[in-house]
Amino acid sequence: MAKIKILQYPDSRLHKKAIPVKDVSAPEIQQLIDDIMETVKSCESCAALAASQMDILNPPSLTVINNTEENGELFCLINPEILDMRDFVDMEEGCMSVFPDAIKAAVKRAKHIKVKAQDRTGKILEFEAEGYLAHVIQHEVDHLNGILYIDKLSPLKRERLEKKMAKLLKK
Ligand code: ZN
């Protein structure tokens, strides 16, 4: 297993859509899952990483998630889709690709979601998630669609954040 470099904002690759996985059992997919798991474990307080945040060619649609707020067990969702969302609230979040130590902002997220995905054996999963897990999965599915949480902010909040990030980039 090997760690992979995490792309950092404003890398334009963060806004590219991931490619659907056709063959979950392909060795390069299995290897990538192991490598992303290794990368999640190596980062402090990393809730999850999506393949589209990694410095790799043609990232496939998959994400590795820490299933608890503490460092819990890791699991992989392949081709994840959110089928249903309800009870929206403002949730504070940050991102390993957007100045993880310096930038946080609140965005609207559903408290309850219904998810369809495959696990790393190719099994189709359909489940409901709430709270922390629902929050993380929404952030990850956005990544796979080329969307960052800061893209969801109001123009005014985004502008304020852009100024802060421009200063951080100069450092
Ligand atoms: Zn992120």
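Every number here is computed from the coordinates shown, using simple stated rules; none is lab data. Bear in mind the structure is a predicted one, so any value in this text is a computation, not a measurement. Reconstructed Cβ throughout: ideal geometry from the backbone, glycine too, with neighbour counts over all protein chains shown.
Panel order for S52, S12, by other beta carbons found within 10 Å of each beta carbon, from fewest to most: S12, S52. Shown here for segment 1-30: trypsin sites (Lys or Arg not before Pro) in loop regions (DSSP other than H, G, I, E, B) with at most 10 other Cβ atoms within 10 Å, namely K5, K22.
Remark: the chain carries a charge dipole of roughly 860 debye about the Cα centre, counting +1 on each Lys and Arg Cβ and -1 on each Asp and Glu Cβ. Using R0 = 45 Å, the C-beta based FRET efficiency linking N67 and K170 works out to 0.75. Loop-located trypsin sites (Lys or Arg not before Pro) in segment 90-162 (DSSP state other than H, G, I, E, B) with a sparse environment of at most 16 neighbouring Cβ atoms within 10 Å: K104, K123. Projecting the Cα atoms of N79, L32, I65 onto the charge dipole of segment 29-152 (Cβ charges, centred on the Cα centre) puts N79 farthest toward the positive pole. Close amide H partners of E93, meaning residues 5 or more places away or on another chain with modelled amide H under 5 Å apart, are A105, A106, V107.
By the beta carbon rule, with partners counted only under 4.7 Å, the chain holds these lone Cys residues: C76, C95.
Once you have a ≥ b ≥ c as the square roots of the Cα gyration tensor eigenvalues for the chain, tell me rounded if a/c is under 1.5, and otherwise prolate or oblate according to whether a/b is larger than b/c.
Cα axes put the chain in the oblate bin.
With a threshold of 26 Å on the Cα-Cα distance, the over-threshold entries among K111/K171; K3/K152; K114/K164; K22/K114; K16/K164 are K111/K171; K3/K152; K114/K164.
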